[in-house]
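Data first, discussion second: the structure below is written as structure tokens.
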Amino acid sequence: MMVDISRRNALILGGVGVGGVAIGGTAFVVNQKKGRRAASEDAPGVALVQPDELRSSGGVLTVSLESSSQKVSIAGRDVRALSYNSGVPGPTLRVRAGDTLNVSLRNGLADPSNLHVHGLHVSPENNGDNMFVMIEAGASFDYQYKLPTNHPPGVYWYHPHHHGYVADQVFGGLYGAIIVEDPEEIAATRERVLVISDITLDSTGTIPTATAMQKMSGREGELVLVNGQLSPALSAGAGERERWRLVNACTSRYLRLRLDGQQLTLLGIDSGRFESPRDVDEIVLAPGNRADLLVTGRVGTSTLRALPYDRGASNGMMGGGMMSGSTATSVDIALATFAVVAARSVKLAAVPDQPASNDLRSATITARRELVFAMGMGGGMSSGMMSATINDQAFDATRIDTTVQFESVEEWTLTNTSTLDHPLHLHVWPMQIIEQDGRPVESAIWQDVVNIPSLSSVRVRIAFDGFRGRTVYHCHILDHEDAGMMGILQAL
Ligand code: C2O
Ligand code: CU
Ligand code: CU
């Protein structure tokens, strides 16, 4: 959870010398294994660029997206990567509750693909957010998403979701933000979208293929990017209030974010907003999580940093010498600089409180179930074959794993028997966290990606309202999803 230094994190903090090297204040990402500096060619200080923005009008947004492999600018270099409409990230889509979003996707990749609108509460059927649509290389598909009139505002995102290809395609550069606007405006001096992703580029500017070991742990890129840029510069005036829409689009990397010296007020995580804004010092985003954040400028230059986060190690790989590129998220990474200069004072309206969010802690539970997340080596270490399962089963597109009743409320116990964290994501319906490691939570926390720390369990409740149909839940470490840590749910 956010704003919560876990036991493990506290250990890491106390022992940075053990596995971690703090490189505070520099703009470089260092690959510790090879001891080389990556992509220092992107001169720090280039102004942050916003992705193109497409906004609905009259209740409709119609967009053409084309995925392709081509030359794009990433980390200040011309490289060959994957992109939507030639940009990394793809365009930001801005819609409102009640809107219809039409996306015509042409798959210009050499592999099958499709599209998922992560976090949107829309139908999973037909040409909606249907995970069973497959778009062959060169083919097109027209999606239509109808947002209900009570759709929560917030930060969402889109990315490909064809099983077996998801990690490669997202890591390659296919992602973009979706903003569902507030019903009534929140005063801010300016708004920025910050899509954070990671990637590895070799000296020829191409993305190397992930190894079996990297997939087992969940690959982490050597470069951590903000809107495809390496250490971009942001500037503001003191007292200005910026609204930052943060997306963790990394394939496997957890982001523990800080912006010391500035005032951070969190409006919400994933969909919707908290009843009242919360002052925070740091935010932890598992892969797939988003944050809706206000930053109030204080004179000085601050660095947006991703601090070390320990998400565990793969079974049998502890202390192994072959872990190159695995979970060694032990480096303190400078993601961006934020320079605030003295300015004439600005007076902005206070942030209005939101209606209290739904709270299922007193709801009548119609079914309880347990999902057990496990990992192992199928066929032994040397084969490089990993198994990543939920309730002992790997994903099968022809099997329905979980059938729920439309409009029921269920309680799920999520148990992680492996030594790696797994961030569980459920499509269409957000989850309310009820209990973490045996302790009840104290407020209503809703997320669509919920981290299940290694060797522990989390209890969530879900209200299956709004839509019937078939969709999926899976680990959002996308290599694990591709390896089979995904199940099919049907709401009848
Ligand atoms: Cu963001 Cu099923 O994914
Ligand atoms: Cu999703
Ligand atoms: Cu996982």
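The values are calculated or read from the model by the stated rules, or taken from the named source; none is laboratory data. Computed from a predicted model, the values in this text were never measured in an experiment. When we count neighbours, we look across all protein chains shown, and the Cβ atoms used for this are built from the backbone with ideal geometry, even at glycine. Accessible surface areas use protein heavy atoms only, side chains included; no ligands, DNA or RNA. Shrake-Rupley method; radii C 1.70, N 1.55, O 1.52, S 1.80 Å.
Does G128 satisfy the condition of being within 25 Å of G469 (Cα to Cα), touching an Asp or Glu at 6+ places or on another chain (Cβ under 6 Å) and either crowded, with 19+ Cβ neighbours inside 10 Å or not charged (D, E, K, R) (or both)?
no
State which residue is farthest from ligand 2 (Cβ to nearest atom) when the search covers only the stretch 400-411 and only residues that are in contact with a Ser or Thr (Cβ under 7 Å, 6 or more places away or on another chain) and part of a strand (DSSP E or B).
This residue is V409.
Can you tell me how many residues within the stretch 412-438 are polar (S, T, N, Q) and either within 16 Å of ligand 2 (Cβ to nearest atom) or part of a strand (DSSP E or B) (or both)?
Number of matching residues: 5.
Does at least one position in the stretch 263-275 carry a residue that is modelled with pLDDT of 95 or more, open to solvent by less than 20 Å² (accessible area, probe 1.4 Å) and not in a strand (DSSP E or B)?
Taking every residue of the stretch 263-275 in turn, at least one turns out to be modelled with pLDDT of 95 or more, open to solvent by less than 20 Å² (accessible area, probe 1.4 Å) and not in a strand (DSSP E or B).
Looking at the stretch 138-153 only, could you name the residues that are open to solvent by less than 50 Å² (accessible area, probe 1.4 Å) and over 20 Å from G58 (Cα atoms)?
G138, A139
Report every pair of residues separated by at least 6 positions or lying on different chains whose Cβ atoms are under 8 Å apart, first residue within the stretch 115-135 and of a type in the set (D, E, K, R) and more than 11 Å from ligand 1 (Cβ to nearest atom), second outside any loop (DSSP other than H, G, I, E, B) and open to solvent by 10 Å² or more (accessible area, probe 1.4 Å).
E125/R470
Run V166 past the list (1) at pLDDT below 95; (2) crowded, with 17+ Cβ neighbours inside 10 Å and report the number of the one that doesn't hold.
Just one mismatch for V166, condition (1).
Would you please name the residue that is most open to solvent (accessible area, probe 1.4 Å), looking only at residues in the stretch 444-492 that are among the basic types (K, R) and more than 25 Å from V247 (Cα to Cα)?
Per the stated criteria, the residue is R468.
Would you confirm whether or not the stretch 37-51 contains a residue that is among the β-branched types (V, I, T) and either assigned to a strand (DSSP E or B) or surrounded by 21 or more Cβ atoms within 10 Å (Cβ to Cβ) (or both)?
Within the stretch 37-51, the subset among the β-branched types (V, I, T) is 46, 49.
Keeping just the survivors that are either assigned to a strand (DSSP E or B) or surrounded by 21 or more Cβ atoms within 10 Å (Cβ to Cβ) (or both) gives none.
Within the stretch 37-51, not a single residue is among the β-branched types (V, I, T) and either assigned to a strand (DSSP E or B) or surrounded by 21 or more Cβ atoms within 10 Å (Cβ to Cβ) (or both).
Could you list, in sequence order, the residues of the stretch 367-407 that are modelled with pLDDT under 95 and under 23 Å from G469 (Cβ atoms)?
Those that are modelled with pLDDT under 95 and under 23 Å from G469 (Cβ atoms): none in the stretch 367-407.
Just checking: which of the strands (runs of 3 or more DSSP E) contained wholly in the stretch 439-492 hold 2 or more residues that are under 17 Å from A374 (Cβ atoms), under 17 Å from the mean Cα position of the chain (by Cα) and within 14 Å of ligand 2 (Cβ to nearest atom)? Walk me through how you get there before you give the answer.
Values: elements: 439-447, 449-452, 456-463, 469-475, 486-491.
Because the criterion is at least 2 residues that are under 17 Å from A374 (Cβ atoms), under 17 Å from the mean Cα position of the chain (by Cα) and within 14 Å of ligand 2 (Cβ to nearest atom), the strands (runs of 3 or more DSSP E) in the stretch 439-492 that meet it are 469-475.
Is it true that T417 is surrounded by fewer than 21 Cβ atoms within 10 Å (Cβ to Cβ), at pLDDT 95 or above, over 13 Å from R369 (Cα atoms) and within 13 Å of ligand 3 (Cβ to nearest atom)?
yes
Conditions: (1) without any contact (Cβ under 8 Å) to a residue 60 or more places away in the chain; (2) within 16 Å of ligand 3 (Cβ to nearest atom). D437 meets all but one. Number of the miss?
The one condition D437 does not meet is (2).
Can you find even one residue in the stretch 467-475 that is of a type in the set (S, T, N, Q) and farther than 19 Å from P124 by Cβ?
Scanning the stretch 467-475, I find no residue that is of a type in the set (S, T, N, Q) and farther than 19 Å from P124 by Cβ, so the answer is no.
Given the condition more than 16 Å from ligand 3 (Cβ to nearest atom), open to solvent by 40 Å² or more (accessible area, probe 1.4 Å) and of a type in the set (V, I, T), answer yes or no: does some residue in the stretch 97-111 qualify?
Looking through the stretch 97-111, none of the residues is more than 16 Å from ligand 3 (Cβ to nearest atom), open to solvent by 40 Å² or more (accessible area, probe 1.4 Å) and of a type in the set (V, I, T).
Among the residues of the stretch 116-135, which ones are outside any strand (DSSP E or B) and either more than 16 Å from ligand 2 (Cβ to nearest atom) or touching a His at 6+ places or on another chain (Cβ under 7 Å) (or both)?
H121, P124, N126, N127, D129, M131, M134, listed by residue number.
Cβ-Cβ below 6 Å, separation at least six or inter-chain, first residue in the stretch 68-97 and in a loop (DSSP other than H, G, I, E, B), second open to solvent by 30 Å² or more (accessible area, probe 1.4 Å) and among the hydroxyl-bearing types (S, T, Y): which pairs?
Cβ pairs passing all conditions: A97/T149.
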